[in-house]
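Undergrad: Sharing a structure, written as structure tokens. Questions coming.
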Amino acid sequence: MATPDFIHTIRADAGKQLLWLPGVSAVVFDDGGRVLLGRRADTGTWAVIAGMPDPGEQPAACAVREVYEETAVRCVAERIVIVRAMPPHTYPNGDICQFMDITIRCRAVDGTARVNDDESLEVAWFNVSSLPELPEHDLLRIEQALSDGPVWFEPAP
């Protein structure tokens with residue numbers, strides 16, 4: 001994910017220390033029940049579409065924007081499926097971030113999936129029964145987006 005300008009501004013003062021940041025993930029389904037994934041340019045791995053909301057941007061608007069920016073697919077946000085604090089992540093440049101992820105189930109309404117920016121190497125639709133190798137947290141996102149259950153969150157101790 002490209003680093004937004006407001007994070008560069010914060011980093012100028014904060015240095016490499018841990019930043020606690022919002023994140024939004026979009027699990028996008030088409031009418032055939034396939035899920036939209038992108039192969040990330042930074043890691044080469046497949047993942048659900050995700051990004052950071054701009055200051056003041058609502059999570060659903062962020063999900064819709066990120067999906068279009070990365071894949072050229074237009075979608076509508078349907079519901080929140082997960083709210084979860086992710087583990088801290090250290091980037092190759094030494095910056096440390098921890099994201100509070102809001103995962104939103106989305107439905108594709110228009111567009112043909114293609115690489116639409118420099119954050120993805122590939123984008124493609126996958127049948128849920130034949131997904132590429134994905135991180136465990138993305139599998140949970142997809143599983144929860146497929147269920148009709150309530151929003152998933154880590155239970156309090």
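The values are calculated or read from the model by the stated rules, or taken from the named source; none is laboratory data. Please read all numbers here as calculations on a predicted model, not as lab measurements. Virtual Cβ from ideal backbone geometry, glycine too; neighbours counted across all protein chains shown. In case anyone asks, the SASA skips ligands and DNA or RNA and just uses the protein heavy atoms, side chains included. Shrake-Rupley method; radii C 1.70, N 1.55, O 1.52, S 1.80 Å.
Undergrad: Taking the chain as the reference, fit the longest principal axis to its C-alpha atoms, fit the long axis of helix 136-146 to the helix C-alpha atoms, and give the angle between the two in degrees, 0 to 90, nearest 10.
TA: The helix 136-146 is inclined about 40 degrees to the chain.
Undergrad: Which of the trypsin sites (Lys or Arg not before Pro) found in the stretch 84-157 are loop residues per DSSP with 14 or fewer other Cβ atoms within 10 Å of their Cβ?
TA: On the way: sites: ARG84, ARG105, ARG107, ARG114, ARG141; in loops: ARG114.
Passing sites in the stretch 84-157 are ARG114.
Undergrad: Ok, one more. Please state, to two decimals, what the Cα-based radius of gyration of the stretch 2-157 comes to when divided by 2.2 N^0.38 Å (N = residues). Walk me through the numbers before you get to the answer.
TA: Numbers: Rg = 15.3 Å, N = 156, 2.2 N^0.38 = 15.0 Å.
Here the answer is 1.02, to two decimals.
Undergrad: Run the 1.4 Å probe and let me know the accessible area of CYS97, rounded to the nearest 10 Å².
TA: Accessible surface of CYS97 is approximately 10 Å².
Undergrad: Next up: Using mean Cβ contacts within 10 Å as the protection proxy, how do 67-80, 9-22 order, highest first? Don't jump to the answer; show the numbers that get you there.
TA: On the way: 67-80: 19.7, 9-22: 11.9.
Ranking the peptides 67-80, 9-22 by packing returns 67-80, 9-22.
Undergrad: A further question follows. Let's test the formula: R0 of 30 Å, r as the Cβ-Cβ distance of ALA14 and ALA41. What FRET efficiency results, to the nearest 0.05?
TA: The pair ALA14/ALA41 has a calculated efficiency of 0.75.
Undergrad: Does anyone have the angle between helix 5-14 and the longest principal axis of the chain? Alpha-carbon axes, 0 to 90°, nearest 10?
TA: Compared with the principal axis, the helix lies near 30 degrees.
Undergrad: Sticking with this structure for a sec: Within the chain, what whole-number % of the accessible surface is contributed by carbon and sulfur, with the 1.4 Å probe and all protein chains included in the calculation?
TA: On the way: 4600 of 8450 Å².
With neighbouring chains kept in place, the figure for the chain is 54 percent.
Undergrad: Something else now. Using 7 Å Cα-to-Cβ label points, what is the ILE96/VAL109 separation (nm, one decimal)?
TA: A separation of 4.2 nm, rounded to one decimal place.
Undergrad: Could you check the spin-label model distance between GLU69 and PHE153? Points 7 Å from the Cα along Cα→Cβ, value in nm.
TA: 2.6 nm
Undergrad: Under the rule of at least 5 residues apart or a separate chain, name every residue whose amide H is placed under 5 Å from the amide H of VAL123.
TA: Answer set, sorted by chain and number: ARG39, VAL115.
Undergrad: Now for a separate question. Output needed: Cys residues of the chain lacking any neighbouring Cys C-beta below 4.7 Å, sorted by number.
TA: By the Cβ distance rule, which asks for a partner under 4.7 Å, the isolated cysteines are CYS62, CYS97.
Undergrad: Still on this structure, please answer the following. What's the extension gain from ARG79 to ALA61 if we count 0.36 nm per residue and subtract their Cα-Cα distance?
TA: Numbers: separation 18, 0.36 × 18 = 6.48 nm, distance 1.21 nm.
Result: 5.3 nm gained on full extension.
Undergrad: Would you mind checking the tilt of helix 59-71 against the longest principal axis of the Cα atoms of the chain, expressed as 0 to 90 degrees and rounded to 10?
TA: Orientation of helix 59-71: about 80 degrees from the principal axis.
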